[in-house]
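Below is one structure, written out as structure tokens, with a few remarks after it.
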Amino acid sequence: MQGYLVLEDGTVFEGKMDEIVSPVKGELVFYTGMTGYQEVLTDPSYKDQIVVFTYPLIGNYGINDQDFESKKPQVKGVILFQLTEHYSHYKANRSLKDYLQKWNIPYLTNVDTRAVVKQIRSKGTLHAVISKDKQYDSQDKLSDFPIRDVSASEIETFGNGPTHIALIDFGFKKSILNSLLKRGCKVSVVPFHQMEKVFEIKPHGIVLSNGPGDPKQMKNYFSTLNQLMKQYPTLGICLGNQLIALSFGGNTTKLRFGHRGANHPVIDQKTGNVFITSQNHSYVVDKKSLEKTPLKLRYTNVNDGSVEGLEHEKLKVMSVQFHPEAHPGPEDASFIFDEFLDTYVAAGREKVYA
């Protein structure tokens with residue numbers, strides 16, 4: 001049956017839907033990777049977003065039980081050109097279509113996804129509705145505090161390595177946890193609203209996770225974050241990078257249409273080395289705002305010159321806007337975890353690789 005993607009600027013794209021669903025609203029974003037749809041769908045940073053997959057064929061390797069980044073899909077909806085029901089991979093146990101239907105995630109196929117992306121690139125990120133009608137009309141509400149919706153409710157500890165890391169959860173990806181466990185860490189996942197308990201846990205270091213939404217919604221926690229960073233070596237990832245900048249007096253702004261995909265080149269200002277990164281974010285640190293902070297620019301996006309990572313002048317604080325754990329994407333940036341643990345945390349750490 002016919003279905004429609006209706007943008008808030010009035011633009012309508014036609015597609016096909018397998019069943020009638022109540023209209024759902026979300027922020028319309030696009031992902032350019034050829035693979036990685038399972039990780040994208042379950043990444044908490046995509047909370048309340050409608051994801052347009054630009055690669056023309058999605059679903060050919062199915063869904064498995066290993067590559068989830070959280071326990072359920074986080075997206076509001078999915079837009080595709082072709083969704084295949086026939087999958088082939090030795091780990092797969094169901095089709096992408098079955099997975100979306102299980103969780104009642106609406107999707108449209110036979111959509112000219114390249115045309116949708118051109119609209120986003122020319123107009124900027126827009127809200128949109130997936131519906132059986134051509135009207136931008138939906139009673140569906142977006143969360144006013146998405147971090148609260150994707151963060152854990154209680155502290156949970158994983159692993160038993162000699163280096164204890166507190167992973168402050170703003171909507172963390174499982175791959176960040178796995179990257180730390182692989183390096184022999186004991187990891188306590190601490191919900192953001194309980195971050196003051198880190199002082200009781202007394203870890204060797206802390207990691208500020210990724211997460212959805214505007215980082216400024218966390219303004220009530222900047223003071224506590226600042227105190228934590230003055231006491232513990234800190235690594236910020238994605239949203240964590242933005243929170244570090246805000247906590248030390250910097251500013252963040254929203255990109256026109258965000259960085260999402262697995263092929264973003266980043267340059268290390270220290271070494272001049274360029275590497276390819278996986279990214280998923282709408283907001284960035286304002287480079288000019290760093291001038292009156294104790295933070296220094298470490299990494300820069302080669303394409304648009306935006307801030308990709310910071311270092312503190314005196315404290316053991318570092319951050320990256322990209323995803324060093326990748327999943328999906330290249331593992332060029334996995335050295336970030338080693339640099340943090342070997343250089344910033346160091347004490348009590350033993351190298352252990354699974």
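Residue check: is residue 14 over 22 Å from residue 282 (Cβ atoms), surrounded by fewer than 21 Cβ atoms within 10 Å (Cβ to Cβ) and at pLDDT 95 or above? Yes. Among the residues making up the range 244-261, those that are basic (Lys, Arg) and surrounded by fewer than 22 Cβ atoms within 10 Å (Cβ to Cβ) are 254, 256. Taking the numbered list (1) more than 20 Å from the chain's Cα centre (by Cα); (2) within 19 Å of residue 205 (Cα to Cα) in turn, residue 310 passes all entries but (1). Of all residue pairs spaced 6 or more apart or on separate chains, those with beta-carbon atoms under 7 Å, a first member in the range 102-123 that is within 18 Å of residue 63 (Cα to Cα) and free of Cβ contacts under 8 Å to residues at least 40 places away in the same chain and a second member that is surrounded by fewer than 20 Cβ atoms within 10 Å (Cβ to Cβ) and basic (Lys, Arg) are 103/72.
Suppose we filter the range 196-231 for residues that are within 19 Å of residue 315 (Cα to Cα), open to solvent by 20 Å² or more (accessible area, probe 1.4 Å) and either touching a residue at least 40 places away in the same chain (Cβ under 8 Å) or of a type in the set (A, V, I, L, M) (or both); how many remain? Number of matching residues: 2. Among the residues of the range 329-350, the ones that are over 30 Å from residue 37 (Cβ atoms), part of a loop (DSSP other than H, G, I, E, B) and open to solvent by 40 Å² or more (accessible area, probe 1.4 Å) come to 4 in all.
Flag: residue 264 matches the condition of being open to solvent by 20 Å² or more (accessible area, probe 1.4 Å), in a strand (DSSP E or B) and either in contact with a strand residue (DSSP E or B) (Cβ under 7 Å, 6 or more places away or on another chain) or more than 24 Å from residue 188 (Cβ to Cβ) (or both).
Of the residues 178, 241, which single one is surrounded by fewer than 20 Cβ atoms within 10 Å (Cβ to Cβ) and either over 22 Å from residue 148 (Cβ atoms) or out of contact with any Lys or Arg (no Cβ under 9 Å at 6 or more places or on another chain) (or both)? Only one candidate passes the filter, namely 178. Under 6 Å between Cβ atoms, which residue pairs at least 6 apart in sequence (or on different chains) link something in the range 77-97 that is over 12 Å from residue 41 (Cβ atoms) with a partner that is modelled with pLDDT under 95 and part of a loop (DSSP other than H, G, I, E, B)? Listed pairs, sorted by first residue: 95/85; 97/85.
If you go through the range 72-85 and keep only what is exposed (fewer than 15 other Cβ atoms within 10 Å of the Cβ) and either at pLDDT below 95 or among the hydrophobic types (A, V, I, L, M, F, W, C) (or both), you end up with just 85. Only a single criterion out of (1) within 15 Å of the chain's Cα centre (by Cα); (2) open to solvent by 50 Å² or more (accessible area, probe 1.4 Å) is not satisfied by residue 326, namely (2).
The values are calculated or read from the model by the stated rules, or taken from the named source; none is laboratory data. Predicted, not measured: the structure shown is a model, and the values here were computed from it. We place every Cβ from the backbone using ideal geometry, glycine too, and count neighbours over all the protein chains shown. Each accessible area value is taken on the protein alone, full model and side chains, heavy atoms only, with ligands, DNA and RNA left out. Shrake-Rupley method; radii C 1.70, N 1.55, O 1.52, S 1.80 Å.
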